[in-house]
Each structure stands twice: as structure tokens, then as C-alpha cells.
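Bear in mind these aren't lab numbers, they're just calculated from the coordinates by the rules spelled out. Predicted model only: the values in this text are computed from it and were never measured. Cβ: placed from backbone, ideal geometry, glycine included. Neighbour counts: every protein chain shown.
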Amino acid sequence: MWALDRCGWGAGAVDSEPPLRSPAAAECCRALALRASIELLGDAVLGASVNPLFAPRRAGDPEAVLVRLLGLLRRLLERELPQLGRVVRCESAARESWQRVPSGGRVDAAASIRTSLSRAGQPAPDSWLVRRTERHVDTPVNRLLASILRQTETTLRQIAGQDGLAGALLRGERSLVSRSLLAVRGFLASSPLGDVPVPVAPPEALIRDARGREAEMTRFAGLLGWWRALRETELTALHALSGPDVFKALSTASCYELACAAGLILALRDRFAAAPAAEAGTFAFITPLGLLRAAFGRGRERRHARRAWTALLELPGGVEIIVEARNASADAAADLTECLHLWCDAAPGKRIAYVLTPEAAPDEPGDTGSGLRARPFLAGVAGGTTANPAAEWTTLLDEIWSLEKERSHAR
């Protein structure tokens, strides 16, 4: 599915009897990795750093299709609908009629009296000239725009009803589909485009009719380009996201690390504003204490290093935090824990290491003054139950951030 060689997740020593070894646990772990990574890939800011690490096999793969769809929906909400609301126009035409009891417009009394005098010599007219301006929304361009919006509404309704997509999306991504659907419906309800009769012809035919108004069409080039991109997206591939083959090529150990790493970045995004990063696999967040940096695929420069760390955090105060996640028991991760313990002791107060496993050691050395902390992570997955990596990282970030605030005040 995706090439993760740069990060090396799942490589190295493997526990012969890992905590996540049952078919239900493996399935749950793969689902978490899929959901968290897709949410990262679809993020407008973070996706630029994540995409180079993830190489879909083909552009039509369901994961690539979903990422493309999420980007299009964000573009619809953030750019196309607001811009469309500013540039939609209705045509105006002046109409006049003679009425015995004037209504529905502005009475031209002077013209009415002049006409009555010229015809019957009477100063009091028996009929009045009424002028009014009529707005016509049913124009070739507006018919095209309304057709595109109605077709988009139908497409989003179908996407929201897909069982496969519902099973593959996190709450935030499913909310994006729902918000897009509500936004299109709300736009049609409040815009003059909602009053355009439902056209019988498809949008392709309406485009030909609207080409005669080239100057007007240029104002809607963005929406047309967006609609064509949506049409070119093979949405039927999304059904495959609920199938058993998703992430089948990756081991449970790889998926566990991927879920932990992606959950960290998602938790940081929920807490701090993300800033663009210059290098693939790196992330930056604006915190009250300064810029926090995170990275995947770092640590290979170490002597005798067999693989990169799961993740690296660089706090504003100069503290480095290494995250190592393993689908291993506490005993199987003992060697890794000892190495990280030595790494932390080499720079007291400046280095912290987190060892995350589905089950943590009973004695957590991080609580006795060392920079090492062993913590249970995604423990519920061992029983095949649901879990939320971003939510579990929120608790750990509370712990990390409280320590950093203490250091900041001490300085």
C-alpha cells in the first residue's frame, strides 16, 4: 500500500508473542493506522509534510481517492462556495403596464396624466402607468451553476450513506462530508440559484449553452475546475476502504507505530495551530512558549542505529523527546528501554523518552526522576475494541506540557 521505508516503522526486533496478535487486534490496529494516516494526508497544512512519506500504488487506489476527496471538500467550503456567493448575478429587465388600480411597481403619475390629457382631455387618468424592474435568475450561466450544486449535493449524499466510507473515516473526516453537504444545501436555500428550475439537461450540455457569455463564465472558472476535479475522482473506489485487504501488506507492528505517530501529530494539531514545514516528515506548531517541532524518520545518524525513531519532538525550551512505540510486551521492550534510559541520562533535563507499548512495565522509571517514561498506549486494541490514538496522546501531551511549563518558569 504505502512505502514507509524512510521511517522504518515495524522494523527491528519483534516480540515472538506480541500483545496485538489476535485477528481482531490486527484488524483494529490496521483500521486505526488507516484512519489516522488518511486524516493526516487530507489536512490542508500537515498533508504537505506527510504526502512524500506515503506512496500510493496507483492514483485510483481507495486511499488516494479519499485523500483527494477530502482536499476537494475543504476547497469547496473554504474557497468555492464563499466566492460563488459574491459573484452570482441576476439579470434585470424594466417592465411597464397600464393598470386601473396600480400595484406591483412604481406609478409614473406625470406620464399617466400627460397620456390622459392627450387622449381624452381629462386631467384625472382612468388608468395608470406602472413601472417595475424584474429580476431574472433563470439565465444560461445560472442554470449551469445550479445544476453543478445540485449534482454535488446528490454526490455528497451518496458518499455520506456509504457504509464503507463510514467505517474508514474518523469523526472529523465524516464531519467534513456532512458539513459540505449542509453547506451546499444552505447555499441553495439562501441564494437565487435555489430558485432556478431543475434543468433536464446534464451540466455538460449546459456548459455549451453558457459559453456564449464568456465574460460572465470567467468569474466561475474556479467552481468549474473544482467540479471537473470531483467528476474525475473515482468515488466508487471508496467502497473498498471497508474491505479486509486494506493495509494487509503492512505488519501489525508497522500499523501500531503508524497509528501512534499519526495520533501524536493529530493531537498536536488539535491543541496548537499548525505551521508549514519545509521538509517532508517534519511538522511545526505554534505554542504559547514558542515553536514546537515534530519529525518522523529521524535518528538514523546514531551509531549502530538499525532504524529511525518512531517520532521526535523538539520543545521550545530546547528539550528533545523521543517516542518509541512497539507492539511488544514490557519484557520484550526491556533492551530498548535500557538504551533510552542511557540516552536520557547523557543529557539530564534536556532529554525525555517515551516507550509506548500496549502494556507498560509495572515500575515506570520516569516517575523516579529519570527522563524515561514507559506508558501503555492503545491497550484496548489487544481485545479488538476501538481506540483513539489522538485522544490518548492528549493525555500524554498534558503531562509533557505541564513539565515544560515548570521548566520555563524555573528559567
(request) List, in order, the whole-Hz ³J(HN,Hα) value for each residue of segment 40-51 obtained from phi through the Karplus relation with A = 6.51, B = -1.76, C = 1.60 and θ = phi - 60°; use x for Gly and Pro. (result) 5, 4, x, 6, 4, 9, 5, x, 5, 7, 8, 3
(request) Name the residues whose placed amide hydrogens come within less than 5 Å of the amide hydrogen of Trp128, ignoring near sequence neighbours (fewer than 5 apart) on the same chain. (result) Gln99, Arg100
(request) With a bin width of 5 angstrom, please list the P(r) values of segment 309-350 as percents of all Cα-Cα pairs, from the 0 bin to the one holding the largest distance. (result) 6, 21, 25, 25, 14, 8, 2
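Based on the Kirkwood radius over alpha-carbon pairs, what is the Stokes-Einstein translational diffusion coefficient of segment 249-308 at 20 °C with 1.002 mPa s viscosity, in µm²/s? If you can, show how the numbers build up before the last one.
Values: Rh = 13.1 Å.
Calculated translational D: 163 µm²/s.
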(message) Need one number: nm distance between label points at Gln151 and Thr287, each 7 Å from Cα along Cα→Cβ, rounded to one decimal.
(response) 4.8 nm
(request) Tell me which residues come under 5 Å, amide H to amide H, from Ala374 once H is placed; ignore anything under 5 positions away on its chain. (result) Val355, Gly366
(message) Below 15 angstrom from the Cβ of Val200, what's the summed charge of the other residues (Lys, Arg +1; Asp, Glu -1)?
(response) 0
(message) Cβ neighbours within 10 Å, averaged per peptide: list 254-264, 218-228, 199-209 in order, most packed at the top.
(response) 254-264, 218-228, 199-209
